[in-house]
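Accompanying notes for the structure given below.
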Amino acid sequence: MKFVLASVFGLVVSAALLFSCGADKSENGISYDGRNKANNASKNQLSFEYEPIVFEQAATPSEFVAYIKTAEHLNKTKTIGDVQYQITHLPKEYMASNEIRDDNVAQSVFDSIRNTYDGVEYYMIKIEVPGAGMELAKINLSYQAEYEERIKYLSFDMQNNLKAITDDSSEINCTVYHFERTYNITPYSTFLIGFPDEKLKSSKFRTVVLNDNLFNNGLIKFKLSLDQLLNTPILKFQK
Amino acid sequence: MLLWVVVLGVGALSLINFFSSEPEQQKIGYVDIDRLFEGFDMKNELQGKLELELKTKEIILDSIVYKLSLAKTKAEAPDATDELKWNFQQQQNYFFQEKRGFEEFSMNRTQEYDQQILKQMTQYVADYGLENNFKVILGKNSGGNVLYGDVGNDVTDDALEAINAKYQGI
């Protein structure tokens, strides 16, 4: 009996030892567990803040807006050095929903506003330097006047550094461009951009290219498939 | 005594079992940097772009050289006036100025593109290493950072495919 009890105690002690070893290993960041943790952290950085909402039914305009912002297939992120670039496809329904901001809107009113966005494929580009804690134009300034130069570049000239490339290698210039200036309120900058959809409509893939002259990171490309862009919830209306 | 042997034995066996059941081995690999650089889509795209930019500037420079040779012929003629000689001098200065500008442009652009390529290549190799469970990826080049590497550890082809996919934004 004494022998059995001692054996059980031995097993319990061994098990406890094992668990404590496991815990230490995952915390010190050197072990496989630790590395996996780093791996996961890195993956989290590349993914998006919220899990996408899965709609089993049609979405209201406000739900639609929330969905687009978090849907993984409509968002792509790329990190080069310290700089994180994110692109989000904005369907015309998003543009209209975001403008109306009313779930009780009548479908006829919604459609008429949605139609004003026809002819252009819209995207949002977000550029951020995580941890910098300041607006893009202020990061690593070499001289005071450089801030104004950067603001000018971000406000106007960056439009010329954006294009969309179709399956047949046609290059489409950016025709809609708006730099959303936040005056240091946000640690990132966002740009609403748009390309004429005449050629894009028939292209199975489109590659949106930003030639980043601000951080000298060169050509930043995002390849998106039309099938994925069209995969959005159906809108529902009260009236 | 026997009791302690059993207790320690069970503990030891459990520890051996724990260490032998690690989920996945961390890998060490190396890449041939020259081959990676040569095969990187961004390098080839920017090389083409640079060649085009330089060619455009060369055409402008050629036309200046042509005008300069005409001015020289006129300036060296026996009946050349001071105005023609002065004109040649001016054009020659202009040519040297443009040539210097061309050389500076070529050097600066090459440096700029090299920096961009290196930044993105480094980032994508790091992404590849992280995603594929590498402990270390070494760079093999003519400088001799890796003096010997087993062929099995050469991940250049895999890494090249991965970095090109990343660059293309897939």
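The values are calculated or read from the model by the stated rules, or taken from the named source; none is laboratory data. All of these numbers come straight from a predicted model, not from anything done at the bench. Here the Cβ is made from the backbone with ideal geometry for all residues, glycine too, and neighbour counts use every protein chain on show. Side chains included, ligands, DNA and RNA excluded: accessible areas come from the protein's heavy atoms. Shrake-Rupley method; radii C 1.70, N 1.55, O 1.52, S 1.80 Å.
So, residue A:207, is that one away from chain B (no Cβ under 12 Å), within 23 Å of residue B:123 (Cβ to Cβ), part of a strand (DSSP E or B) and open to solvent by 10 Å² or more (accessible area, probe 1.4 Å) or not?
The answer is no for residue A:207.
Just the residues that are exposed (fewer than 13 other Cβ atoms within 10 Å of the Cβ) and not in a helix (DSSP H, G or I), please, taken from the range B:143-170.
Once the filter is applied, which keeps residues that are exposed (fewer than 13 other Cβ atoms within 10 Å of the Cβ) and not in a helix (DSSP H, G or I), the range B:143-170 yields B:143, B:144, B:145, B:147, B:148, B:150.
Quick one: in the range B:120-142, of everything that is assigned to a strand (DSSP E or B) and of a type in the set (A, V, I, L, M), which residue is farthest from the other protein chains (Cβ to nearest Cβ)?
B:138
Before we move on, is residue B:84 modelled with pLDDT under 95, within 13 Å of chain A (Cβ to nearest Cβ) and surrounded by 11 or more Cβ atoms within 10 Å (Cβ to Cβ)?
For residue B:84, the condition - modelled with pLDDT under 95, within 13 Å of chain A (Cβ to nearest Cβ) and surrounded by 11 or more Cβ atoms within 10 Å (Cβ to Cβ) - is not met.
What is the one condition in (1) outside any helix (DSSP H, G or I); (2) open to solvent by less than 40 Å² (accessible area, probe 1.4 Å) that residue B:54 does not satisfy?
Tallying (1) outside any helix (DSSP H, G or I); (2) open to solvent by less than 40 Å² (accessible area, probe 1.4 Å), residue B:54 fails exactly one: (1).
Condition check: under 13 Å from the mean Cα position of the chain (by Cα) and at pLDDT 95 or above. Does residue B:110 satisfy that?
Judged against the criteria, residue B:110 is a match.
Report the residue count in the range A:85-102 for those that are crowded, with 18+ Cβ neighbours inside 10 Å, part of a loop (DSSP other than H, G, I, E, B) and among the basic types (Lys, Arg).
Selection size over the range A:85-102: 0.
Identify all residues within the range A:144-168 that are out of contact with any strand residue (DSSP E or B) (no Cβ under 6 Å at 6 or more places or on another chain), among the hydrophobic types (A, V, I, L, M, F, W, C) and closer than 12 Å to residue A:212 by Cβ; write none if there are none.
Selection gives A:158 alone.
Being loosely packed, with under 13 Cβ neighbours inside 10 Å, over 20 Å from residue B:164 (Cβ atoms) and within 22 Å of the chain's Cα centre (by Cα) is the requirement here; does residue B:90 meet it?
In short, no.
Residues of the range A:113-161 being under 30 Å from residue A:101 (Cα atoms) and among the aromatic types (Phe, Trp, Tyr), which ones?
The answer is A:117, A:122, A:123, A:156.
Taking the criterion of being over 30 Å from residue B:168 (Cα atoms) and among the aliphatic types (A, V, I, L, M), would at least one residue in the range B:44-58 satisfy it?
no
Return the pairs, sorted by first residue and then second, in which the second residue is open to solvent by 80 Å² or more (accessible area, probe 1.4 Å), the first residue lies in the range B:42-53 and is within 13 Å of another protein chain (Cβ to nearest Cβ), the beta carbons are less than 9 Å apart, and the residues are 6+ apart or on different chains.
Close Cβ pairs (under 9 Å, with a partner that is open to solvent by 80 Å² or more (accessible area, probe 1.4 Å)) amount to B:44/B:38.
Would you say residue A:201 is of a type in the set (D, E, K, R) and within 14 Å of another protein chain (Cβ to nearest Cβ)?
It is false that residue A:201 is of a type in the set (D, E, K, R) and within 14 Å of another protein chain (Cβ to nearest Cβ).
Return the residues of the range A:135-149 that are outside any loop (DSSP other than H, G, I, E, B) and either in contact with a His (Cβ under 9 Å, 6 or more places away or on another chain) or open to solvent by 20 Å² or more (accessible area, probe 1.4 Å) (or both); say none if nothing qualifies.
Across the range A:135-149, the qualifying residues are A:138, A:145, A:146, A:147, A:148, A:149.
How many residues does the range A:210-226 contain that are touching a residue at least 40 places away in the same chain (Cβ under 8 Å), part of a loop (DSSP other than H, G, I, E, B) and not aromatic (Phe, Trp, Tyr)?
Qualifying residue count for the region: 3.
For the range A:112-134, give me the residue count where each residue is part of a helix (DSSP H, G or I) and surrounded by 13 or more Cβ atoms within 10 Å (Cβ to Cβ).
Qualifying residue count for the region: 2.
I'd like the full set of residues that are open to solvent by less than 90 Å² (accessible area, probe 1.4 Å) and not in a helix (DSSP H, G or I), limited to the range B:59-79.
B:77
Conditions (1) acidic (Asp, Glu); (2) touching a residue at least 24 places away in the same chain (Cβ under 8 Å); (3) within 28 Å of residue B:43 (Cβ to Cβ), marked per residue:
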site: A:129; (1), (2), (3): no, yes, yes
site: A:147; (1), (2), (3): no, no, no
site: A:194; (1), (2), (3): no, yes, no
site: A:206; (1), (2), (3): no, yes, yes
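Within the group B:99, B:140, which residue is more than 26 Å from residue B:51 (Cβ to Cβ) and either modelled with pLDDT of 95 or more or open to solvent by 30 Å² or more (accessible area, probe 1.4 Å) (or both)?
B:140
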